[in-house]
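Dropping the structure in here first, questions after.
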Amino acid sequence: MKKRVVVGLSGGVDSSVAAYLLQKQGYDVVGLFMKNWHDDSVTISDECPWLEDSNDAMLVAEKLGIPFQTVDLSEEYKARIVDYMFREYQMGRTPNPDVLCNREIKFDVFMKIALNLGADFVATGHYCRKGTIERNGKQIYQLLAGKDPNKDQSYFLCQLSQEQLSKTLFPIGEMLKSEVRQIASEQNLITAEKRDSQGLCFIGKVRLPEFLQQKLAPKTGAIVEVPTSFPQYKLQAPNFISEEDELRYLSTKYEYSQTDGKQVGTHHGAHYYTKGQRKGLAVGGTKEPLFVIDTNVDENIIYTGQGKDHPGLYRRGLFVKKEEIHWIREDLTLDEDGKMEVNARIRYRQPLEKATLHRTFSGLYVIFDNPQSAITEGQFVAWYKGAELFGSGVIS
């Protein structure tokens with residue numbers, strides 16, 4: 001019996017080639033398109049309309065001669081992703097919908113539908129790889145970085161579980177993007193030259209302030225510029241009474257009040273902005289561009305600093321609450337008081353940075369060898385050994 005694989009056909013080149021490769025490998029392939037969004041009023045609709053995508057996915061399935069259907073997951077998407085995003089922004093955090101979308105939709109809701117269709121596996125067009133090792137007679141699945149260093153998407157899958165990985169295939173993980181496009185071209189797939197979609201997982205390009213304004217009302221507040229001479233930046237580290245005391249110190253962000261700088265403009269809502277943001281402040285006349293160094297949604301103030309080297313942007317550590325630590329490799333879980341040297345990243349496409357994990361009673365500290373710019377609450381930190389991503393957590 002041929003093994004059945006359901007491919008999440010998104011209407012892009014990567015999933016199209018994934019379906020073609022699986023078919024060539026002798027799998028019984030079924031194409032499934034997920035419709036996750038109905039509201040075109042907030043999408044920049046000619047950038048990523050789902051209608052065009054579903055049409056392209058259907059034409060690819062037709063060309064390959066595989067069964068195809070569309071599933072409407074917009075209710076689940078709204079409940080699990082969109083409502084979560086609103087809650088996070090309201091609290092002044094910056095969520096990562098792509099990571100959540102993979103955990104909650106593609107590899108959960110979608111995977112269950114696929115398995116009900118008799119699938120042995122689910123496949124996606126992600127640039128990452130799956131490894132299998134054996135430990136104590138038990139199969140363990142690894143999530144490995146994609147071969148194409150410019151396209152590696154392992155970070156977006158940092159919340160997957162062993163159970164999810166066991167049922168997943170990544171057919172293009174060993175390939176470069178250029179090779180994927182070449183195959184699509186040779187096979188005359190309609191998606192061969194299609195641009196990569198940008199923006200929210202499955203929604204497309206969204207005007208974020210307008211998207212958030214559906215729930216979070218605009219409210220005028222102050223933009224305050226904090227000078228590099230702010231006294232807290234110059235403070236000497238205190239004497240620490242314990243290691244956890246030091247870890248907490250390295251992971252604590254600076255606290256600002258409106259009197260710590262001068263008002264340089266106004267904004268329409270602190271919850272529309274995120275740390276490290278440079279565009280959209282509409283403040284001119286500074287020697288170097290202004291960057292958001294912090295936001296206070298309770299007082300509706302945005303704190304900014306001049307230049308990408310402003311000390312307010314940098315710190316060495318971050319904290320993940322106990323309940324938000326996730327191990328893909330459960331066999332590598334750190335016990336309390338355990339330490340581990342890793343490479344870590346706090347955003348997609350960021351080069352991996354040397355760091356040490358410190359497990360404490362209350363959670364996990366990630367302390368980097370070098371200070372990191374714009375560590376942002378609500379985003380994910382993912383840690384690696386070599387090419388393997390084996391754990392992650394929500395930055396608290």
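Could you list all residues from region 103-123 that are under 23 Å from Phe380 (Cα atoms) and β-branched (Val, Ile, Thr)?
Ile105, Val109
Ok, one more. Which of the residues spanning region 16-34 are surrounded by fewer than 20 Cβ atoms within 10 Å (Cβ to Cβ), in contact (Cβ under 8 Å) with a residue 12 or more places away in the chain and either in a strand (DSSP E or B) or charged (D, E, K, R) (or both)?
Matches in region 16-34: Asp28 only.
For region 110-150: of the residues being at pLDDT below 95 and in contact with a helix residue (DSSP H, G or I) (Cβ under 8 Å, 6 or more places away or on another chain), which is farthest from Val7 (Cα to Cα)?
That would be Arg135.
For region 221-238, give me each residue that is outside any helix (DSSP H, G or I) and at pLDDT 95 or above.
Answer for region 221-238, where residues must be outside any helix (DSSP H, G or I) and at pLDDT 95 or above: Gly221, Ala222, Ile223, Val224, Glu225, Val226, Pro227, Thr228, Ser229, Phe230.
Tally up the residues in region 322-338 that are loosely packed, with under 12 Cβ neighbours inside 10 Å and either hydroxyl-bearing (Ser, Thr, Tyr) or on the phi < 0 side of the Ramachandran plot (or both), please.
3
Scan (1) closer than 19 Å to Ile172 by Cβ; (2) at pLDDT 95 or above; (3) surrounded by fewer than 24 Cβ atoms within 10 Å (Cβ to Cβ) for the single condition Gly12 breaks and write down its number.
(2)
If I ask for residues that are in a loop (DSSP other than H, G, I, E, B), of a type in the set (Ser, Thr, Tyr) and surrounded by 21 or more Cβ atoms within 10 Å (Cβ to Cβ), which ones from region 121-171 would you list?
Selection gives Thr124, Tyr127.
The values are calculated or read from the model by the stated rules, or taken from the named source; none is laboratory data. Predicted, not measured: the structure shown is a model, and the values here were computed from it. Every residue, glycine among them, receives a Cβ derived from its backbone with ideal geometry; neighbour counts consider all protein chains shown.
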